[in-house]
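Chemist: Mind looking over this structure? Questions follow.
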Amino acid sequence: MPFKVAFIGAGSIGFTRGLLRDLLSVPEFRTIQVAFTDINERNLDMVTRLCQRDIDENGLDIHIQATLDRREALRGARYVFVVVRVGGLEAFQSDIDIPLKYGVDQCVGDTLCAGGIMYGQRGIPQILAFCKDIREVAEPGCLMLNYANPMAMLTWAANKYGGVRTVGLCHGVQAGHRQIANALGLPKEEVDIVCAGINHQTWYIQVKHKGVDLTGKLLEAFERHPEYSKTEKVRIDMLRRFGYYSTESNGHLSEYVPWYRKRPGEIMDWVDLGSWINGETGGYLRVCIEGRNWFETEFDNWMNAPPMKYAPEKRSEEHGSYIIEGLETGRIYRGHFNVVNQGTIANLPDDAVVEAPGYVDRNGINIPRVGELPLGCAAVCNASIAVQRLAVEAAVRGDDMLLRQAMMMDPLVGAVCNPPEIWQMVDELLVAQEKWLPQYGPAIAAAKERLAKGPLIPTRAYAGAARLKVRTVDELRQRRQEADELASEADKAKQRPPVPWENLIMRH
């Protein structure tokens, strides 16, 4: 099957290497064409060398086309994986640190809240540029598989304004499925689920074992679980009050709603520092910095380590390779995908991007009608959708008024900040991220003038309720296997190694 697959943002070691292994573990795909492109020449070179070594050691006659020229990588591609982080860790740092000055304490900051909204402002213009190139040089009907966050916003923009078929993919449903099976004491393969909502706020509206619905037994199971009762307090509380378990981790979920991170003195009541994903302030930023530093320092050791084995039993649970396998071979695959709603979930807006069950075969990606979400679950999703819509339109138009309104409507930002504080915070974010926000030229000039002129609302040097220090490479070497696994995983919550409490910067 001599088709071409291109990776945009291929310098991302966690996603690129694993997704390539998944693809090349399909026997029919061992003669496909593979192209990598990135704007970071060093990262692109390192990941290409490592992946090419894997290919060679598995005996495949595939040569990766690695190029800084995105259009050349996309030329003739049938499928495109998007795994970019627009602005890199530099912009990500400001997504976390500037809102903290105003009391907005985020664990991740890449999907909603202040950080997710700004991430969307950087990412949407680039997604639309990718779409333009795909329309012009890729194979007609090319499918874009988006793994980049903010998932719903980028996928929304691509489908509405990009003119390219785009499906958003995430591993949150699979991770929660594992947890539910564990809490119930059942094998995962025996637990059947239906999950629906929006990305990172998808709800397990049906959980069955051998035809018996166990949805009503989840609260008791999670409350008595020795680990989850401590690490998933937000998710359990949402389950208690809304009746359904959410896909997203404790830390992620806590920043999407207004109740758990708005008072600094109460945040530690809801989070756990056993692992970053349980709610650590800026936790994802920390592990990303550590992973980057580790990979760059230890690259030679990675090249000398055993290669990845391409085999069916080594494939991950990431949906991407299975979607392509279904489309190309006709093998049926069932998963959960991010698509334009168009009536799939009756009580969410048609234009929103929803996450819902789907089936893939040679006929395409087929999304059945889910019907209505439970009213409370729909209300939570609709609050986020309103923010997403404002943020998408702000990014496309370069309209800073819509951007400020998105921040005001965000559940956590609105719970913590008053309107003047939000206006000043947006000014600071726009100025700090100027080089990634070309659509906001006039707005940034005006923001600079306001910040220089004053008077300014006082802010504070605040590390957050649960901030941990970034570990040095020497500290990571003391846990080499853990560091290797963390840097190489796309799902950085899959491994949950503890971090020493002595790394705590500030609790209050």
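The values are calculated or read from the model by the stated rules, or taken from the named source; none is laboratory data. The shown structure was predicted, so the numbers you read here are calculated from the model rather than taken from an experiment. Virtual Cβ from ideal backbone geometry, glycine too; neighbours counted across all protein chains shown. Heads up: the accessible areas ignore ligands, DNA and RNA and are worked out on the full protein's heavy atoms, side chains in. Shrake-Rupley method; radii C 1.70, N 1.55, O 1.52, S 1.80 Å.
Chemist: With N denoting the number of residues in the stretch 355-456, provide Rg(C-alpha) divided by 2.2 N^0.38 Å, to two decimal places.
Modeler: Relative to the 2.2 N^0.38 Å estimate, the stretch 355-456 comes out at 1.45.
Chemist: Which of the helices in the chain, when you take each full DSSP H run, stretch at least 27 Å along the axis at their Cα atoms and have an average Kyte-Doolittle score of -0.5 or higher?
Modeler: 113-137, 375-397
Chemist: Considering the options 468, 452, 481, tell which one lies farthest towards the positive end of the dipole of the stretch 448-492, charges being +1 on Lys and Arg and -1 on Asp and Glu at the Cβ, about the Cα centre.
Modeler: 452
Chemist: Give me D for the stretch 1-144 in µm² s⁻¹, whole number, from Stokes-Einstein with Rh from the Kirkwood sum over alpha-carbon pairs, 20 °C and 1.002 mPa s.
Modeler: 132 µm²/s
Chemist: Between residue 53 and residue 313, what is the FRET efficiency for a Förster distance of 25 Å, r being their Cβ-Cβ separation, to the nearest 0.05?
Modeler: With a Förster radius of 25 Å, E is 0.75.
Chemist: Go through the stretch 380-432 and name the GluC sites (Glu not before Pro) that are in a DSSP coil and have 10 or fewer other Cβ atoms within 10 Å of their Cβ.
Modeler: Values: sites: 393, 421, 428; in loops: none.
Within the stretch 380-432, no GluC sites (Glu not before Pro) qualify (loop, at most 10 other Cβ atoms within 10 Å).
Chemist: Of the beta bridges DSSP finds with both residues in the chain, what % are antiparallel, to the nearest 5?
Modeler: Beta bridges within the chain, antiparallel portion: roughly 55 percent.
Chemist: Checking a compactness column here: for the stretch 137-228, what do you get for Rg(Cα) / (2.2 N^0.38 Å), N being the number of residues?
Modeler: So the stretch 137-228 has a normalised radius of gyration of 1.40.
Chemist: Average projected area of the Cα convex hull of the stretch 1-74, in nm²?
Modeler: Averaged projected hull area, Cα only: 4.2 nm².
Chemist: I would also like to ask the following. Report the Cα centroid-to-centroid distance between the stretch 56-84 and the stretch 457-483 in angstrom, as an integer.
Modeler: Spelled out, the Cα-based centre of one part sits 35 Å from the other.
Chemist: So what is the 222 nm mean residue ellipticity for the chain from helices alone, if each DSSP H run of at least 4 adds -39500 (n - 2.57) and you divide by all residues, rounding to the nearest 500 deg cm²/dmol?
Modeler: So the calculated ellipticity at 222 nm is -14000 deg cm²/dmol.
Chemist: Another one. Quick check: convex hull of the Cα atoms in the stretch 260-408, volume per residue, rounded to a whole Å³?
Modeler: Cα convex hull per residue, to the nearest whole number: 221 Å³.
Chemist: What part of the accessible area of the stretch 295-434, given as a whole %, is carbon or sulfur when the probe is 1.4 angstrom? Walk me through the numbers before you get to the answer.
Modeler: Numbers: 2840 of 5490 Å².
The value for the stretch 295-434 is 52 percent carbon and sulfur by accessible area.
Chemist: Counting Lys and Arg as +1 and Asp and Glu as -1, each charge on the Cβ, what is the dipole of the stretch 281-400 about the Cα centre in debye, to the nearest 20?
Modeler: That gives a dipole near 340 debye.
Chemist: What nm distance separates the two modelled labels at residue 478 and residue 61, each placed 7 Å from Cα along Cα→Cβ?
Modeler: Here the modelled spin labels are 5.1 nm apart.
Chemist: For the stretch 3-126, with the dipole built from +1 on Lys and Arg beta-carbon atoms and -1 on Asp and Glu ones, taken about the Cα centre, which of 108, 64, 13 lies farthest toward the positive end?
Modeler: Result: 64.
Chemist: Here's a follow-up. Taking the convex hull of the alpha carbon atoms in the stretch 78-142, what volume per residue do you get, in Å³?
Modeler: 80 Å³
Chemist: Any idea how far the Cα center of the stretch 112-135 sits from the one of the stretch 241-280, in Å?
Modeler: 26 Å
Chemist: Using a/c under 1.5 as the rounded threshold, could you call the stretch 266-330 rounded, prolate or oblate? The axes a ≥ b ≥ c are square roots of the C-alpha gyration tensor eigenvalues, and prolate needs a/b larger than b/c, oblate otherwise.
Modeler: Values: a/c = 3.22, a/b = 1.43, b/c = 2.24.
Oblate, since a/c reaches 1.5 and b/c is not below a/b.
Chemist: For the stretch 282-357 and the stretch 195-235, compute the distance between their C-alpha centroids and round to whole Å.
Modeler: If you average the Cα positions of each part, the centres end up 22 Å apart.
Chemist: To the nearest 20 Debye, how big is the dipole of the chain about its Cα centre, given +1 on the beta carbon of each Lys and Arg and -1 on that of each Asp and Glu?
Modeler: 440 debye
Chemist: Note the listed values [x] 25.0, 82; [y] 25.9, 95; [z] 21.9, 67, then indicate which one is Rg and Dmax of the Cα atoms in Å calculated from this particular structure.
Modeler: Comparing each candidate, only [z] matches the computed number.
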